[in-house]
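A short worksheet on the structure shown next.
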Amino acid sequence: ENIFKLIDDGSHMEAKINNAAACTLDSTCYDAYAAQRDAVARMHYVTEQGAYLCTGTLLNDRAGSGKPFFMTANHCISTQTVASSLQTFWFYRTPSCNSRLLSSASKTLKGGAQLLYTSASPDASLLLLNDAAPAGAVFAGWDANPVAKGAAVVGIHHPRGDLQKISFGSIVGSSACTPGTGYYSCRASNEMNENFYRVQWSQGTTEGGSSGSALFVNGVVTG
């Protein structure tokens, strides 16, 4: 999400809080997903075109090493130059359910990241943050096995750079997606043999700024 679409005037450099759509759900209200929400960070980074907001997730490795591996979308960060500009905002959510205020526990890391892997298809980038993860952050588990049609999914994200939100839905099929310049062209399928999952939200939604956020199935990252 281009942050300059979200500001009141040229004097403000931060996107306003409470910009997300009214139908989004405050993640603070859902303590059953406390571990997952503490793995998710709001992202701010700079490209040649301007300053942007996305979402990323802190990932564990097999050894449980504590190295801050961080997953987001290729269409958010795809070069080392942009990765070096990354700032991550942790616990960027409300202190109490639906309070619409930023928690005083929020932490910002400004050290950028190393780009380890990126691919336009399946639109994924893996980074290693140059800063240690903040105290209290959770290293999300993951499962790379295919997910079945009908599986319940949860998304935790920062739509329009807003305070952290949560969405609930299910996988309803797959899509064959190919990258263009600034967009993806997708063809939906009811089968599960294409390269992107197709999700239908039943509660909450996603918006610009949600890009790069993980899909959680059974509490672990699956895409």
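The values are calculated or read from the model by the stated rules, or taken from the named source; none is laboratory data. Note that the structure is predicted; figures quoted are calculated from it, not measured. Note: ideal-geometry Cβ built from the backbone for every residue, glycine included; neighbour counts use all protein chains shown. With ligands, DNA and RNA removed, areas are computed over all heavy atoms of the protein, side chains included. Shrake-Rupley method; radii C 1.70, N 1.55, O 1.52, S 1.80 Å.
Restricting attention to segment 178-221, which residues are farther than 15 Å from Ala73 by Cβ, open to solvent by less than 50 Å² (accessible area, probe 1.4 Å) and among the hydroxyl-bearing types (Ser, Thr, Tyr)?
Of everything in segment 178-221, those that are farther than 15 Å from Ala73 by Cβ, open to solvent by less than 50 Å² (accessible area, probe 1.4 Å) and among the hydroxyl-bearing types (Ser, Thr, Tyr) turn out to be Ser189, Thr205.
Pick out the one residue from Leu129, Leu116, Leu163 that is in contact with a Lys or Arg (Cβ under 7 Å, 6 or more places away or on another chain) and either open to solvent by 40 Å² or more (accessible area, probe 1.4 Å) or among the hydrophobic types (A, V, I, L, M, F, W, C) (or both).
Only one candidate qualifies: Leu163.
Can you spot a residue in segment 170-179 that is under 13 Å from the mean Cα position of the chain (by Cα) and modelled with pLDDT of 95 or more?
no
Of the numbered conditions (1) of a type outside the set (A, V, I, L, M); (2) in a loop (DSSP other than H, G, I, E, B); (3) touching a residue at least 40 places away in the same chain (Cβ under 8 Å), Thr118 fails exactly one; give the number of that condition.
(2)
All but one of (1) in contact (Cβ under 8 Å) with a residue 24 or more places away in the chain; (2) open to solvent by 40 Å² or more (accessible area, probe 1.4 Å); (3) not polar (S, T, N, Q) hold for Glu48; state the number of the condition that does not hold.
The number of the failed condition is (1).
Test Thr118 against the stated conditions and say whether it is β-branched (Val, Ile, Thr) and more than 25 Å from Ala34 (Cβ to Cβ).
yes
Show the residue pairs meeting these rules: Cβ distance below 7 Å; 6+ apart or different chains; first residue within segment 169-185 and over 24 Å from Ala148 (Cα atoms); second residue part of a loop (DSSP other than H, G, I, E, B).
Pro179/Ala120; Pro179/Ser121
Test Val138 against the stated conditions and say whether it is touching a helix residue (DSSP H, G or I) at 6+ places or on another chain (Cβ under 7 Å) and part of a strand (DSSP E or B).
So Val138 does not fit the description; no.
Give the residues of segment 59-77 that are surrounded by 19 or more Cβ atoms within 10 Å (Cβ to Cβ) and of a type in the set (Ser, Thr, Tyr), sorted by residue number.
Within segment 59-77, Thr72 is the sole residue that qualifies.
Could you grab me the full set of residues in segment 121-132 that are within 16 Å of the chain's Cα centre (by Cα) and not acidic (Asp, Glu)?
Pro122, Ala124, Ser125, Leu126, Leu127, Leu128, Leu129
Sort out which residues of segment 1-31 are at pLDDT 90 or above, acidic (Asp, Glu) and surrounded by 14 or more Cβ atoms within 10 Å (Cβ to Cβ), and write them in order of number.
Matches in segment 1-31: Asp26 only.
Do any strands (runs of 3 or more DSSP E) entirely within segment 151-223 hold 1 or more residues that are of a type in the set (Val, Ile, Thr) and within 23 Å of Ser96 (Cβ to Cβ), and if so, which?
152-157, 165-179
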